[in-house]
1. From the set of residues in the stretch 117-150 that are touching a residue at least 24 places away in the same chain (Cβ under 8 Å) and of a type in the set (Ser, Thr, Tyr), which is nearest to residue 50 (Cα to Cα)?
2. What number of residues within the stretch 128-164 are buried (at least 19 other Cβ atoms within 10 Å of the Cβ) and of a type in the set (D, E, K, R)?
3. Within the stretch 70-121, which residues are outside any helix (DSSP H, G or I) and hydrophobic (A, V, I, L, M, F, W, C)?
4. Checking residue 125 against (1) surrounded by 21 or more Cβ atoms within 10 Å (Cβ to Cβ); (2) within 13 Å of the chain's Cα centre (by Cα), which single condition isn't satisfied?
5. List every residue pair whose Cβ atoms sit under 7 Å apart, with the two residues 6 or more apart in sequence or on different chains, where the first one lies in the stretch 87-116 and is closer than 11 Å to residue 176 by Cβ and without any contact (Cβ under 8 Å) to a residue 40 or more places away in the chain and the second, anywhere, is crowded, with 23+ Cβ neighbours inside 10 Å and not hydrophobic (A, V, I, L, M, F, W, C).
6. Among the candidates 82, 110, which residue alone is of a type in the set (S, T, N, Q) and surrounded by 23 or more Cβ atoms within 10 Å (Cβ to Cβ)?
7. Yes or no: the stretch 144-151 includes at least one residue that is touching a helix residue (DSSP H, G or I) at 6+ places or on another chain (Cβ under 9 Å) and among the β-branched types (Val, Ile, Thr).
Amino acid sequence: MKPNTNPGGASFWLSFRRVFTLFFFLGRKTGKSRVFILAGLIPVAIAVIVRVFTPGRAEDVVAVFNEILLVIYVTLYIVILSLFYGTSIVADEIEDRTLSYLTTRPLAKSGIFLGKYAAYVTLMFLMVTSSLFFSFFIMNGHRFLDPVLYLTFLRYAGALGLGILAYTALFAFLGTFLKRAILVGLLFGFGWENVVQYFPGSTQRLSLVHYMKSLMPRRAAGGPLSILLFRLEPTRPAVAVLMLIVIAAAFLALACWLFRTKEYLYEE
């Protein structure tokens, strides 16, 4: 497939806006989204159960949030969301045989890809932060008047949001040229990421989860005894933010280039 110069077609920003609007509203109604929304209720249900059975024991409540709920969000929930949404940006269009319809419209190809990416990232961020909001404030209901509580929540939400950007960009890139990108993504997300983060030294920096964990509030995350921060040798927060943004931008640039130049064939 020759690169689309898009003569006479819509500009990048117009293409981006049209595709973003279409897939954001369509994405909310899919069965996949409903399943993931229900999955996001699991940490909320755990938070409710803990609050019911440990009334007034603030240290136990904080420990459960740090040792169970944060681990669910950081190492499980956002990885699964990013994997399935990221790899589906191209794969769903090929499977549904709608890719040719999209690419033959007067739309910029980069606008198509990035518009769909942004729509899915927005959906995922809303799912994750909604679930995090309810579980976090259920667990910390005894501290509603503490302004530090709200800053802590924003730091958690920001770290998870940057993680979604980077993971989804990586998996979207894999989806542009691998037929079974989801299998490679599973090996990376639940193999490499879950092992290398506990290696000592600079090896940790070869994982995305390392930079997310480096942005977590250390005191709120339970200090050195927290499972999530076990063996963590954190990168400075400013550097961690920059690394996640650069990683996301690099993989998105590669994915857009492949999407514009690669010829995709439908399987019989």
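1. 135
2. Residues meeting the conditions: 0.
3. 107, 108
4. (1)
5. Between residues of the stretch 87-116 that are closer than 11 Å to residue 176 by Cβ and without any contact (Cβ under 8 Å) to a residue 40 or more places away in the chain and residues that are crowded, with 23+ Cβ neighbours inside 10 Å and not hydrophobic (A, V, I, L, M, F, W, C), there is no close pair.
6. The match here is 82.
7. Scanning the stretch 144-151 turns up no residue that is touching a helix residue (DSSP H, G or I) at 6+ places or on another chain (Cβ under 9 Å) and among the β-branched types (Val, Ile, Thr).
Residue-wise test of (1) at pLDDT 70 or above; (2) under 30 Å from residue 143 (Cα atoms); (3) under 19 Å from the mean Cα position of the chain (by Cα).
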position: 3; (1), (2), (3): no, no, no
position: 7; (1), (2), (3): no, no, no
position: 27; (1), (2), (3): yes, no, yes
position: 39; (1), (2), (3): yes, yes, yes
position: 46; (1), (2), (3): yes, yes, no
position: 58; (1), (2), (3): no, yes, no
position: 66; (1), (2), (3): yes, yes, no
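The values are calculated or read from the model by the stated rules, or taken from the named source; none is laboratory data. Note that the coordinates shown come from a computational prediction; the quantities given were computed from them, not determined experimentally. We place every Cβ from the backbone using ideal geometry, glycine too, and count neighbours over all the protein chains shown.
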